Amino acid sequence: MDVTSGGESSVWISSFSVYTVTTILVTLVVLAVVKRYNFMQRCNKVLGSPTDIPLFGGGSLIFVPPEEIMNLLLLLHVVFGRLSPSGIIRAWIGPLPMFFATTAEAVEAVLSSNKIITKSREYDFLHPWLNTGLLTSTGSKWQTRRKLLTPAFHFKILEDFVHVFNEQSLILVNKLNQAVAKDKDLNIFPFVTLCTLDIICETAMGRNVEAQSKTDSAYVQAVYNMSQLIQHRQVRFYLWLDWMFKLSSHWPEQRKTLGILHGFTNKVIQERKAEHQQRSSDIAEPSKDVTEDAVFSKRRLAFLDLLIEFSQGGTVLSASDIREEVDTFMFEGHDTTSAAITWSIFLIGSHPEVQEMVNEELDRVFGDSDRPATMADLSELKYLECCVKEALRLYPSVPIISRTCVEDTVIGGDEIPAGTSVSICSYYLHRDPKYFPDPELYQPKRFLAEHAERRHPYSYVPFSAGPRNCIGQRFALMEEKAVLSAILRNFHVQSLDKREEIILLAELILRPRDGIRVRLEPKKKQ
Ligand code: HEM
């Protein structure tokens, strides 16, 4: 037996295998490098910051501290935005390209499209809480839900919510009076946030969680915690990967928080459904001495009631479908309005001449009376509405929105490759001097009808625009006017911070890092 030749052939076979495997591996690596190179070349055709790590992307933008993100984005937009003929610019956030639509024309191309309706990966961090409700879903699910939910925001239905706005605003004014009795200088942001939380709990779920009175409510605390966990993850690139996040200390905290949030909404939904069933049987049995009018006039309708009605006994919406929509309203409907009210207070309190005009309007509508605002009063508060809109221009509650392009998309001659995201930074867009001369000045009159009508409809998009615009826009403006009018009918406001001193955090909402300090002078003797 020739041992040597057998050994030689096995050595030959193993070297052949090593050679083959190595060749395959090298080929795969070369193909991956070429693919990556070509992809980056495609992306880099769009004007933007240089790629600082070849074949990787942008190293410098990964570890930006949260308080620098807004400045950095602004810088990027200022340097490249005005130079890009298409209005599209690009940045590398680590290995990921990010495109931004910087002009009203480019924003229109994105937001008016019926194809660019899928939210970007940053929204995935909302899924554990909201699943895929109206804000986070896409395709036919989103279309069906949008159609189903639109009637819930009808003017007539919103009218029912005015008394909730008034009741909670009254509690806010009382809380502020108590605080002012100790110290007239205070940070108004937390007061407003608790008020808007109470408003959304009552209007979305029909439950009064008394956030303003009992700050230790487990549900209220969980809403805060979850928002913080989401934004913590969004700005930390290394936590984007699920397995990395699950290894972090935030994972058990998130699970616990979700247990409280979902537990609460599930319970409220069950109770509310039971109330609906009870009511139906009461109506079916008039002998119980309960008339339909008496039952319906006593109860307050919440969005949840409408969802239960739309669900048609679970055939159109299941219990978990209802929960994702209620959770979405809870998430989208309180921080946004609280930021808008607080920024409005800050700007009105920094401009005595504006406050004077607001006061004149309030006097005209309410006179000396303490009566609560009606829907008609709120519609009369036109100048106050301009103040709110101008505050949303300078400090849009949602400063960035992002979509994923599911197919290659050409905007103004520039191509955004399929699978990448395109964002709109309204904080920057709203400062375009072409549409807003002296953009840094707070001038509510810009929103008087005669000025607003002349502007490009996509030059101002605090509520987004097009098919995926904010469904709660009308609700939000009414709520803001109700709360602001209550504060301003009771207090003279003086802002204590200067605009340039305020540090902005672009989190889930645009937040002043250290709150908003104001001096409140009660208008009437208490
Ligand atoms: C000042 C207050 C508010 C502002 C500035 C605001 C802003 C926005 C923006 C910019 C979007 C688009 C988000 C995106 O495309 O990623 C949006 C969507 C949405 N908003 Fe609002 N929002 C406010 C209040 C509310 C309220 C009070 C509710 C509900 C009660 C609400 C419910 C929603 C929902 C459900 C969506 C998703 C709509 C869809 O995709 O079809 N928002 N909002």
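Take 420-427, 442-449 and order them by the average number of nearby Cβ atoms within 10 Å per residue, most first; the result is 420-427, 442-449. Legend: residue pairs Lys214/Lys256; Lys182/Lys523; Lys115/Lys147; Lys35/Lys246; Lys156/Lys481; Lys147/Lys445, Cα-Cα distance threshold 24 Å; pairs beyond threshold, Lys35/Lys246; Lys147/Lys445.
Find, among the trypsin sites (Lys or Arg not before Pro) in region 12-56, those assigned to loop by DSSP (not H, G, I, E, B) with at most 14 other beta-carbon atoms within 10 angstrom. Within region 12-56, the qualifying trypsin sites (Lys or Arg not before Pro) (loop, at most 14 other Cβ atoms within 10 Å) are Lys45.
Taking Cα atoms only, the orientation of helix 382-394 departs from the longest principal axis of the chain by about 20 degrees. This model, with +1 at the C-beta of Lys and Arg and -1 at the C-beta of Asp and Glu, gives the chain a dipole about its Cα centre of some 400 debye. Relative to the dominant Cα principal axis of the chain, helix 473-490 is inclined by about 50°. Taking trypsin sites (Lys or Arg not before Pro) across region 476-526, the ones in a DSSP loop with at most 13 further Cβ atoms lying within 10 angstrom of their Cβ are Lys498, Arg513, Lys523, Lys524, Lys525. Loop-located GluC sites (Glu not before Pro) in region 374-450 (DSSP state other than H, G, I, E, B) with a sparse environment of at most 16 neighbouring Cβ atoms within 10 Å: Glu407, Glu440. Counting charges near Ser311 (Lys, Arg +1; Asp, Glu -1) among other residues having Cβ under 14 Å from its Cβ returns a value of -1. Could you tell me which of rounded, prolate or oblate describes region 134-240, using a ≥ b ≥ c as the square roots of the eigenvalues of the alpha-carbon gyration tensor, with rounded for a/c under 1.5 and, failing that, prolate when a/b is larger than b/c and oblate otherwise? In terms of gyration-tensor shape, oblate.
Relative contact order, whole percent, for region 172-227 stands at 24, derived from Cα pairs under 8 Å and 6 or more residues apart.
Treating r as the C-beta distance of Ala418 and Phe56 and R0 as 22 Å, the FRET efficiency rounds to 0.60. Extension gain, Glu453-Asp370: 0.36 nm per intervening residue step, less the Cα-Cα distance, totals 26.4 nm. Distance from the alpha carbon centroid of region 166-228 to that of region 418-464 works out to 31 angstrom. Helix 3-44 versus the longest principal axis of the chain: what angle, 0 to 90°, nearest 10, using Cα atoms? For 3-44 against the chain, the angle is about 40 degrees.
Model label points for Ile93 and Ser318, set 7 angstrom from Cα along the Cα-to-Cβ axis, are 3.2 nm apart. For the chain, relative contact order (Cα pairs under 8 Å, six or more residues apart, normalised by length) works out to 23 percent. Placing dummy labels 7 Å off each Cα toward the beta-carbon, the span from Asp363 to Asn71 is 4.3 nm. Report for the chain the percent antiparallel among DSSP-assigned beta bridges with both residues inside it, nearest 5. Bridges in the chain that DSSP calls antiparallel: roughly 90 percent. Neighbours of Leu384, meaning other residues whose beta-carbon lies under 14 angstrom from its beta-carbon, give a summed charge of -4 when Lys and Arg score +1 and Asp and Glu score -1. Decide, for region 376-462, between rounded, prolate and oblate: order the square roots of the alpha carbon gyration tensor eigenvalues as a ≥ b ≥ c, take rounded if a/c falls under 1.5, and otherwise choose prolate if a/b is larger than b/c, else oblate. Prolate shape, in that a/c is at least 1.5 and a/b is the bigger ratio. Between Gln41 and Ser281, the contour length at 0.36 nm per residue exceeds the alpha carbon distance by 79.7 nm.
When +1 charges are put on Lys and Arg Cβ atoms and -1 charges on Asp and Glu Cβ atoms, the dipole computed for region 130-264 relative to its Cα centre reaches about 580 debye. Between the listed residues Ile401, Gln212, Val483, the Cα displaced farthest toward the positive end of the dipole of the chain, a dipole computed from Cβ unit charges relative to the Cα centre, is found at Ile401. Using a simple spin-label model with pseudo-atoms 7 Å out from Cα toward Cβ, Arg82 and Lys498 lie 2.4 nm apart.
Each value in this text was obtained by applying a stated rule to the coordinates, not by laboratory testing. All values derive from a computational prediction rather than experimental measurement. Positions of Cβ are generated from backbone atoms using ideal geometry, with glycine treated the same way; all protein chains shown enter the neighbour counts.
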